[in-house]
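Just below is one structure, and these are the notes that go with it.
The values are calculated or read from the model by the stated rules, or taken from the named source; none is laboratory data. The shown structure was predicted, so the numbers you read here are calculated from the model rather than taken from an experiment. Neighbour counts are summed over all protein chains in view; Cβ atoms, including those assigned to glycine, are modelled from backbone coordinates with ideal geometry.
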Amino acid sequence: MAMADQEAKQSFRLSMLIYDSRYRAMTIQVVALILFIIGAGWLVNNAAQNLAALGKPLSFGFLSQPAGYDINQRLIEYTSQSTHGRAAIVGLLNTLLVATVGCILATILGVTIGVLRLSKNWLVARLMTVYIETFRNVPVLLWIVFTMAIFIEVFPAPREFKGADPSATMKLWDSVALTNRGVFIPKPVFESGSGIVGIVFLLSLVGIWFFRRWARAKQEATGVILPTFWISLGIFFIPAIATQIILGNPISLEYPVLKGFNFKGGLHLRNSFLSLTAALVIYTSAFIAEAVRSGIMAISKGQTEAAAALGLRYNRIMSLVILPQAMRVIIPPLISQYLNLTKNSSLAIAVGYMDITGTLMGITLNQTGREMETVLLTMLIYLTISLIISTAMNVYNNSIALKER
Amino acid sequence: MKNTVLFGTVAAASLAAGLASAGTLDDVKAKGELACGVSTGLVGFAAPDANGNWEGFDVSVCRAVAAAVLGDANAVKFVPTTGKTRFTALASGEVDMLARNTTWTFSRDVDLKFTFVGVNYYDGQGFMVPKELGVSSAKELDGATVCIQTGTTTELNLADFFRSNGMSYEPVPIETNAEAQQQFLSGACDVFTTDASGLAATRATFENADDYVLLPEIISKEPLGPLVRQGDEQWGDIVRWTLNALISAEELGITSANIEEMSAGTNNPEINRILGTEGDLGGMFGLDKEWAKRAIAANGNYGEIFEKNIGENTAIGLARGLNAQWKQGGLIYSPPFR
Ligand SMILES: N[C@@H](CCC(=O)N[C@@H](CS)C(=O)NCC(=O)O)C(=O)O
């Protein structure tokens, strides 16, 4: 080896960088890297020069200036006197809210549909195919605008609930109001003593975990299968509800009531939030369903047959044999669907949902004229969210990966 | 080696940038058309008619500038912009000027680096509500849901108005006037607020316009006018004086009907200077002598443009009010042509 090296060194000529396959790959990479650095440098420099020429050097000072505009959906305290920075955080939280709710619902819906699409029942399987093909093949922006239009045109305005003989009434024993401004639902109000109910509930969760562990150990030792689902369900609800009753209902519900122009009290789920979430969920769930279907189909039929030969029923074959293995195929495409959903949520602006693109990259950009800064910040934020999602999902993916023993 | 290349490209790039920002007039002449940012559709101010021709009060300003600069009032590319996209469109050079119901404010002038060349409509922010609500004053709007266009002075005024009156409201942010109409007509918002002229123009398109009323309060000053990028004085002057020519023409009685006759020469020296029969004002900013004549001939003078698009005999029916000539007690006033 040392001999060969020395020989190569001695006879090294510049032309070998191109003609010698030992060096060529390296040469190409170095050249590409240099070109890339020059290209990037040129872009950055050009932007900086042009901004300076416009008299707008990069500066983030506007983030601490008062924003001056109001935001309807705020998860944290915010008024028009708060800063642009805070407005950006309000927007970010709104983005995270749709993304989280959207991913959870899309997963539930997508897995259900994906499994049902493989159903032996012809009608069910076909219906699911229609669902997938319809929702997957129309741009999500159209679904967002469409759901919003339905909300605005189909549901009644709050003023139609007024008067002695109103043309619209509240649903579900006067607890829910469906209006074209959104859905008003009862809101839990926590009075003293509700902490105890909360603790009891948390204890029940711990209890469920221990119970399941115990049930599993028992099954492994004796083969007896307990109805874990029903018992868990019982532990989930009964102790908390019992404490709630014993303590005289410390957690009460505040119902929405029509007052003046709008419904007051209760929780207001704005139609911008609902239509955005609904559209993202139905759209993404169609893709998730396909990922789930391909994951299941990737597991060889022999597995099902072997499990059936052991006497397992269909549900158990699915949950014990097929899905755990299918997960390995499903998770990677699922990660990209979560990322897509999160990024697609930036279409929020179409229905006036105040996410990060609506606040920071929308109104703030417009009122301050800081295009470069706000766009860079927004990109950075989306990049960070996406990286967090994919890291988390990759960790999960590794944890369920095939472990060779 | 690497550095030379880098510096070379950078130098070339900054040279190109410098060129692009300097001569808007040359750019427009080279393109053969004026890119003019207008609204996405506000009947009376800027909207395409049934044949796709843009017309309206703001559109006429674009056409006058195109006529002055290019000799053709139709050599305009109208770029529809929303309240939010308009400034980016102008700053990035996508449009050469904006004539889009845009309020002249300190921060837009100073911080956003634009130059407002004048005011073509003195306005203020108003409120429109359905009659059925039985509201007679903006002070009764506590708790109302309000539709507002984002990226406007409207949303800032609104926040201030409600806060200073100790009232709360639910803002519904909206991109374009068309969306605002849809939400407002279906009752998804109780109130629609924007410039009073915009409200009148919007209301005029409603099927049952009488079911809606404008509230008496005007909560802000909204001087609307055309604007250009800061830093190109020559171009700014051209747009400014085109607007002034339209205004002076009304004051001096030059109309689209008598302009040919007057350009034969009159005994009013200012008219002669405007129409190019005396002196060479146009030459001072790189245009020919007849620039203003063409600008006025394109759509008539300021008063004619007003009456044709938004005046009392149109469906919009705006009175001249503040926008009358200074001699009639209004604020419309052009510096002298000399
Ligand atoms: N004058 C205000 C508001 C301008 C504005 O957005 N006006 C509305 C209504 S008057 C408009 O032009 N809408 C037309 C469109 O949506 O394109 C500003 O400059 O911020």
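Quick one: would you say A:Ser80 is more than 23 Å from B:Ile174 (Cα to Cα) and at pLDDT below 95? Taking the combined requirement at face value, the residue does not satisfy it.
A quick yes/no check of all residues on (1) among the charged types (D, E, K, R); (2) at pLDDT 95 or above:
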position	(1), (2)
B:Val61	no, yes
B:Val65	no, yes
B:Lys77	yes, yes
B:Arg86	yes, no
B:Ala91	no, no
B:Met97	no, yes
B:Thr103	no, yes
B:Val110	no, no
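Restricting attention to the range B:47-62, and to residues there that are out of contact with any Pro (no Cβ under 8 Å at 6 or more places or on another chain), aliphatic (A, V, I, L, M) and not in a loop (DSSP other than H, G, I, E, B), which single residue is nearest to the ligand (Cβ to nearest atom)? Top of the filtered list is B:Ala47.
Scanning the range A:19-39 for residues that are of a type in the set (Gly, Ala, Ser) and more than 10 Å from chain B (Cβ to nearest Cβ) returns A:Ser21, A:Ala25, A:Ala32. Being within 16 Å of the ligand (Cβ to nearest atom) and among the hydrophobic types (A, V, I, L, M, F, W, C): is that true of B:Ala138 here? For B:Ala138, the condition - within 16 Å of the ligand (Cβ to nearest atom) and among the hydrophobic types (A, V, I, L, M, F, W, C) - is not met.
Residues of the range B:93-128 that are within 12 Å of the ligand (Cβ to nearest atom), away from chain A (no Cβ under 11 Å) and among the hydroxyl-bearing types (Ser, Thr, Tyr): B:Thr102, B:Thr103, B:Tyr121, B:Tyr122. The helices (runs of 4 or more DSSP H) falling completely within the range B:178-280 that include 3 or more residues that are among the charged types (D, E, K, R) and more than 14 Å from chain A (Cβ to nearest Cβ) map to B:233-252.
Counting only helices (runs of 4 or more DSSP H) that sit wholly inside the range A:276-379, those with at least 1 residues that are crowded, with 23+ Cβ neighbours inside 10 Å and within 14 Å of chain B (Cβ to nearest Cβ) are A:365-368. Against the numbered list (1) within 11 Å of chain B (Cβ to nearest Cβ); (2) outside any loop (DSSP other than H, G, I, E, B), A:Gly68 comes up short only at (2).
Of all helices (runs of 4 or more DSSP H) completely enclosed by the range A:74-189, which ones contain at least 1 residues that are within 12 Å of another protein chain (Cβ to nearest Cβ) and touching a helix residue (DSSP H, G or I) at 6+ places or on another chain (Cβ under 9 Å)?
Answer list for the range A:74-189: A:84-117, A:140-154.
Against the condition touching a residue at least 12 places away in the same chain (Cβ under 8 Å), more than 17 Å from A:Cys103 (Cβ to Cβ) and of a type in the set (Val, Ile, Thr), how does A:Ile288 come out, does it pass?
Numbers: touching a residue at least 12 places away in the same chain (Cβ under 8 Å): yes; more than 17 Å from A:Cys103 (Cβ to Cβ): no; of a type in the set (Val, Ile, Thr): yes.
Judged against the criteria, A:Ile288 is not a match.
If you filter the range B:163-204 down to residues that are in contact with a Leu (Cβ under 8 Å, 6 or more places away or on another chain) and closer than 26 Å to A:Pro66 by Cα, you find that the one that is nearest to the ligand (Cβ to nearest atom) is B:Asp195.
Condition (residue is over 25 Å from the mean Cα position of the chain (by Cα) and buried (at least 16 other Cβ atoms within 10 Å of the Cβ)) applied to the range B:222-235: is it met by at least one residue? No: the range B:222-235 contains no residue that is over 25 Å from the mean Cα position of the chain (by Cα) and buried (at least 16 other Cβ atoms within 10 Å of the Cβ). Of everything in the range A:56-76 that is within 28 Å of B:Ala159 (Cβ to Cβ) and without any contact (Cβ under 8 Å) to a residue 24 or more places away in the chain, the residue that is surrounded by the most Cβ atoms within 10 Å (Cβ to Cβ) is A:Asp70. Condition (residue is among the β-branched types (Val, Ile, Thr) and either part of a loop (DSSP other than H, G, I, E, B) or within 14 Å of chain B (Cβ to nearest Cβ) (or both)) applied to the range A:40-60: is it met by at least one residue? Yes: the range A:40-60 contains one or more residues that are among the β-branched types (Val, Ile, Thr) and either part of a loop (DSSP other than H, G, I, E, B) or within 14 Å of chain B (Cβ to nearest Cβ) (or both).
The combined condition, being in contact with a helix residue (DSSP H, G or I) (Cβ under 8 Å, 6 or more places away or on another chain) and away from the ligand (no atom under 16 Å from the Cβ), is not fulfilled by B:Val228.
Within the range A:380-401, being of a type in the set (S, T, N, Q) and either surrounded by 15 or more Cβ atoms within 10 Å (Cβ to Cβ) or in contact (Cβ under 8 Å) with a residue 60 or more places away in the chain (or both) holds for A:Ser386, A:Ser390, A:Asn397. The set of residues in the range A:153-192 being acidic (Asp, Glu) and in contact (Cβ under 8 Å) with a residue 60 or more places away in the chain consists of A:Asp174, A:Glu191. Among the conditions (1) out of contact with any helix residue (DSSP H, G or I) (no Cβ under 9 Å at 6 or more places or on another chain); (2) touching a residue at least 40 places away in the same chain (Cβ under 8 Å), the only one that B:Glu217 does not satisfy is (1).
Does B:Leu90 satisfy being away from the ligand (no atom under 11 Å from the Cβ), surrounded by 24 or more Cβ atoms within 10 Å (Cβ to Cβ) and within 14 Å of another protein chain (Cβ to nearest Cβ)? It is true that B:Leu90 is away from the ligand (no atom under 11 Å from the Cβ), surrounded by 24 or more Cβ atoms within 10 Å (Cβ to Cβ) and within 14 Å of another protein chain (Cβ to nearest Cβ).
Do we find a residue being touching a residue at least 60 places away in the same chain (Cβ under 8 Å), within 14 Å of another protein chain (Cβ to nearest Cβ), farther than 21 Å from B:Gly44 by Cα and surrounded by fewer than 19 Cβ atoms within 10 Å (Cβ to Cβ) anywhere in the range B:160-172? No: zero hits. Checking every residue in the range B:158-174 against the condition of being assigned to a loop (DSSP other than H, G, I, E, B) and modelled with pLDDT under 90 gives zero matches.
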